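The values are calculated or read from the model by the stated rules, or taken from the named source; none is laboratory data. From a predicted model like this one, the values you see are computed outputs, not experimental measurements. Here Cβ is always computed from backbone atoms with ideal geometry, including for glycine, and neighbour counts include all displayed protein chains. Each accessible area value is taken on the protein alone, full model and side chains, heavy atoms only, with ligands, DNA and RNA left out. Shrake-Rupley method; radii C 1.70, N 1.55, O 1.52, S 1.80 Å.
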Amino acid sequence: MSVIAVILLVITICIVFIPWYNKHRRYIKHLERYPSPPRVFLLGNALDFRQPTAFIRKFGEYARLYGDVVKIYVGPFPTKLLVSNYKLVEQVLSSNKNLNKGKEYQYLSKWLGRGLLICDGDSRWKSHRKLLLPSFHVQVFEEFLHVFETKTQLLVRKLETELDSSSFDIQPYIQLCSLDIICEAALGTSIHAQEDGDSDYVKSISTMCTLFIKRSFNPRLRNNFLYKYSDVYREEERVIKILHRHSSEIVERRKKELQQMELVQDEFGLKKKLTLLDLVLVKRNDVPTLTDIAIREEIDTFMFAGHDTTAAAMGFTIFCLSEYPHIQNKVMDELNAIFVGDVNRSVTLQDINEMRYLEAVIKEALRIYPPVPYYSRMVTEELNFEGGIIPQGISLLLDVYGLHHNPEYFPDPDKFLPERFLGDRGPNGLPYSYIPFSAGPRSCIGQKFAMLEMKTALSILLRHYEFLPSTPKHILSLSAVIVLSSSNGVRVRIRRRIKRTTSPTGYNS
């Protein structure tokens, strides 16, 4: 090797290595006050997270042993703080400064691009969020009810095949129903997912979530250069083609349908038949950032975030009801008072507003099984916290699951007690201790939509079926990918609900 080549190599190493080393040395200096679990040379704590089913157990162990702010190494240097400290969670989520999602979300960027879920909290994010908010205005919710109703009635018919089962996994049924709902209500397109139970789209979403976790906690796969030579990369390329083809077809189909529709403006200045996708398509000429690719990214985001989280929440709620028959009876008392024993009457917004106990049940299920168990935020502007500095560039992993199961905020946290949510101020008066839909400027804009969908669907399902524990008893194996799931399914039994008496308490199960 010539002298010039050696000099160039040394210069290159200095240019690359010295800033990298200084950055991580700064991390070490500022984060030295936070404890960390024992780690393996070069790998750090990565071996603790080889399986998604280990996450909740390990993170819970970290919090018990090391406190509510724990330093995590993925590789030779600290890259994350696991945070279950209420004050720090509140400081981060309420801030208008550190709005960027954590580094890990870049691993979804090939799929979701710069959609609302993962994009930086910049001017584009603000303009797109402002544009999409009218689609979730309370005054347009009534138009969704028919979609919720028809798709859930189809689910009722699909579940008839399980009436004689000793147990079955209800989650795939719920997931396909939720996908049907989001596509028709938010995108104005029927994809008939429940008729096509072997949906490539649903399988591809599940695969993407698994690949995301593999990259997030594997030092080799976190490196973009090395990742391109892995089997995980090739699988991601295959799956993304399916996902993008699916969403692109929906966008193109809706464009053609819109040309034939007459859009009527109502008293609120909203267009009555305007779905979320319609709104984006109509406004694309007024918003420079709404390119065809950007539209597809927002649609991919809403198809994923709008069905997977809601499906998880509904599945876990049904599981809880099956395990606690006395609570299911209370829900039925409420539903019987509203529908006066009519199994087939359609649900109205007034009915939804009267389902206070069912709402408390859903909220308690969301507490015990938060659909997104961890939120990741990037520190883009250094944080001053308790007399120290959390430096720019560190990812904060906000432990939603840990907060929801903290006995300081929720006494007897493992008990299913919907009554916690019947008061006006919530369970404890601490808003950032209960954050199933996040909070602050980046809270989920679809949370009211999701609650409306869940209350409608569950009120229909419960009027038709009684949910019972599986035989033998099913123990959930929680898996913390992007969305909380159970790796061994959500198994229950069902039987037709029969009105046994006409007593004031309504249905006796």
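Give all pairs with beta carbons closer than 9 Å in which a residue from the range 392-415 that is closer than 30 Å to Arg25 by Cα and in contact (Cβ under 8 Å) with a residue 40 or more places away in the chain meets a residue that is part of a helix (DSSP H, G or I) and open to solvent by 40 Å² or more (accessible area, probe 1.4 Å); count only pairs at least 6 apart in sequence or on separate chains.
Gly393/Lys23; Gly393/Arg26; Gly393/Lys103; Ile394/His30; Ser395/Lys103
Among the residues of the range 33-59, write down those that are within 27 Å of Glu386 (Cα to Cα), over 23 Å from the mean Cα position of the chain (by Cα) and either crowded, with 16+ Cβ neighbours inside 10 Å or at pLDDT below 90 (or both). Steps first, please.
Step one: list which residues in the range 33-59 are within 27 Å of Glu386 (Cα to Cα), which gives 33-39, 44-45, 56, 58-59.
Subset that is over 23 Å from the mean Cα position of the chain (by Cα): 33-39, 44-45.
Tyr34, Ser36, Pro37, Arg39, Gly44, Asn45 - these are the residues of the range 33-59 that are within 27 Å of Glu386 (Cα to Cα), over 23 Å from the mean Cα position of the chain (by Cα) and either crowded, with 16+ Cβ neighbours inside 10 Å or at pLDDT below 90 (or both).
Of (1) surrounded by fewer than 19 Cβ atoms within 10 Å (Cβ to Cβ); (2) modelled with pLDDT under 90, Cys119 satisfies all except one. Which?
Of everything listed in (1) surrounded by fewer than 19 Cβ atoms within 10 Å (Cβ to Cβ); (2) modelled with pLDDT under 90, Cys119 misses just condition (1).
Would you confirm whether any residue within the range 126-138 is open to solvent by less than 40 Å² (accessible area, probe 1.4 Å) and either at pLDDT 90 or above or of a type in the set (Lys, Arg) (or both)?
Taking the range 126-138 as the starting set, the residues that turn out to be open to solvent by less than 40 Å² (accessible area, probe 1.4 Å) are 128, 131-132, 135-136.
Within this subset, residues satisfying the condition of being either at pLDDT 90 or above or of a type in the set (Lys, Arg) (or both) are none.
No, the range 126-138 contains no residue that is open to solvent by less than 40 Å² (accessible area, probe 1.4 Å) and either at pLDDT 90 or above or of a type in the set (Lys, Arg) (or both).
Given the conditions (1) buried (at least 24 other Cβ atoms within 10 Å of the Cβ); (2) under 24 Å from Leu112 (Cβ atoms); (3) among the polar types (S, T, N, Q), which single one is not true for Thr317?
Of (1) buried (at least 24 other Cβ atoms within 10 Å of the Cβ); (2) under 24 Å from Leu112 (Cβ atoms); (3) among the polar types (S, T, N, Q), only one is false for Thr317: (2).
Report yes if some residue within the range 373-387 is more than 22 Å from the chain's Cα centre (by Cα), modelled with pLDDT of 95 or more and at positive phi; otherwise report no.
There is no residue in the range 373-387 that is more than 22 Å from the chain's Cα centre (by Cα), modelled with pLDDT of 95 or more and at positive phi.
Starting from residues that are closer than 21 Å to Leu484 by Cα and among the hydroxyl-bearing types (Ser, Thr, Tyr), keep the ones in the range 142-198 and report whichever is least open to solvent (accessible area, probe 1.4 Å).
Restricting attention to the range 142-198, the residues satisfying the condition of being closer than 21 Å to Leu484 by Cα are 168-182.
Add one more test, that the residue is among the hydroxyl-bearing types (Ser, Thr, Tyr), and what stays is 173, 178.
On the way: Tyr173: 55, Ser178: 0 Å².
This residue is Ser178.
Given the condition more than 24 Å from His405 (Cβ to Cβ) and among the polar types (S, T, N, Q), answer yes or no: does some residue in the range 73-92 qualify?
Taking every residue of the range 73-92 in turn, at least one turns out to be more than 24 Å from His405 (Cβ to Cβ) and among the polar types (S, T, N, Q).
Identify the single condition in (1) at pLDDT 80 or above; (2) surrounded by 13 or more Cβ atoms within 10 Å (Cβ to Cβ); (3) over 24 Å from Ile240 (Cα atoms) that Glu298 does not satisfy, given that it satisfies every other one.
(3)
Being under 12 Å from Ser376 (Cα atoms), touching a Lys or Arg at 6+ places or on another chain (Cβ under 8 Å) and not hydrophobic (A, V, I, L, M, F, W, C) is the filter here, so list the residues in the range 85-119 that pass it.
Asn98, Asn100, Lys101, Gly102, Glu104
Which residue, of Val400, Val483, is among the aliphatic types (A, V, I, L, M), touching a strand residue (DSSP E or B) at 6+ places or on another chain (Cβ under 9 Å) and at pLDDT 90 or above? Steps first, answer last, please.
Working: Val483 fails: touching a strand residue (DSSP E or B) at 6+ places or on another chain (Cβ under 9 Å).
Checking each option against the conditions leaves just Val400.
Restricting to the range 166-208, name every residue that is more than 23 Å from Leu145 (Cα to Cα), at pLDDT 90 or above and assigned to a loop (DSSP other than H, G, I, E, B).
Ser166, Ser167, listed by residue number.
Looking at the range 209-231 only, could you name the residues that are in a helix (DSSP H, G or I) and either on the phi > 0 side of the Ramachandran plot or surrounded by 15 or more Cβ atoms within 10 Å (Cβ to Cβ) (or both)? Explain how you work it out, then say what you get.
Here is the first cut: in the range 209-231, the ones in a helix (DSSP H, G or I) are 209-216, 219-222, 224-227, 231.
Answer for the range 209-231, where residues must be in a helix (DSSP H, G or I) and either on the phi > 0 side of the Ramachandran plot or surrounded by 15 or more Cβ atoms within 10 Å (Cβ to Cβ) (or both): Cys209, Thr210, Leu211, Phe212, Ile213, Lys214, Arg215, Ser216, Pro219, Leu221, Arg222, Tyr227.
Please work out which one of (1) open to solvent by 10 Å² or more (accessible area, probe 1.4 Å); (2) under 16 Å from the mean Cα position of the chain (by Cα) is the condition Ile205 fails and give its number.
(1)
Got at least one residue in the range 248-268 being at pLDDT 80 or above, within 28 Å of Gly315 (Cα to Cα) and buried (at least 17 other Cβ atoms within 10 Å of the Cβ)?
Yes, the range 248-268 contains at least one residue that is at pLDDT 80 or above, within 28 Å of Gly315 (Cα to Cα) and buried (at least 17 other Cβ atoms within 10 Å of the Cβ).
Report yes if some residue within the range 86-107 is out of contact with any strand residue (DSSP E or B) (no Cβ under 8 Å at 6 or more places or on another chain) and closer than 30 Å to Ile191 by Cβ; otherwise report no.
Looking through the range 86-107, at least one residue is out of contact with any strand residue (DSSP E or B) (no Cβ under 8 Å at 6 or more places or on another chain) and closer than 30 Å to Ile191 by Cβ.
Could you figure out which of (1) open to solvent by less than 40 Å² (accessible area, probe 1.4 Å); (2) at pLDDT below 90 isn't true of Gln106?
Every condition holds for Gln106 apart from (1).
Return yes when Phe148 is out of contact with any strand residue (DSSP E or B) (no Cβ under 9 Å at 6 or more places or on another chain) and aromatic (Phe, Trp, Tyr) and no when it is not. Before you say what the answer is, go through the steps one by one.
On the way: out of contact with any strand residue (DSSP E or B) (no Cβ under 9 Å at 6 or more places or on another chain): yes; aromatic (Phe, Trp, Tyr): yes.
Yes, satisfied.
Quickly run through the range 140-165 and pick out the residues that are at pLDDT 90 or above and of a type in the set (Phe, Trp, Tyr).
Phe148
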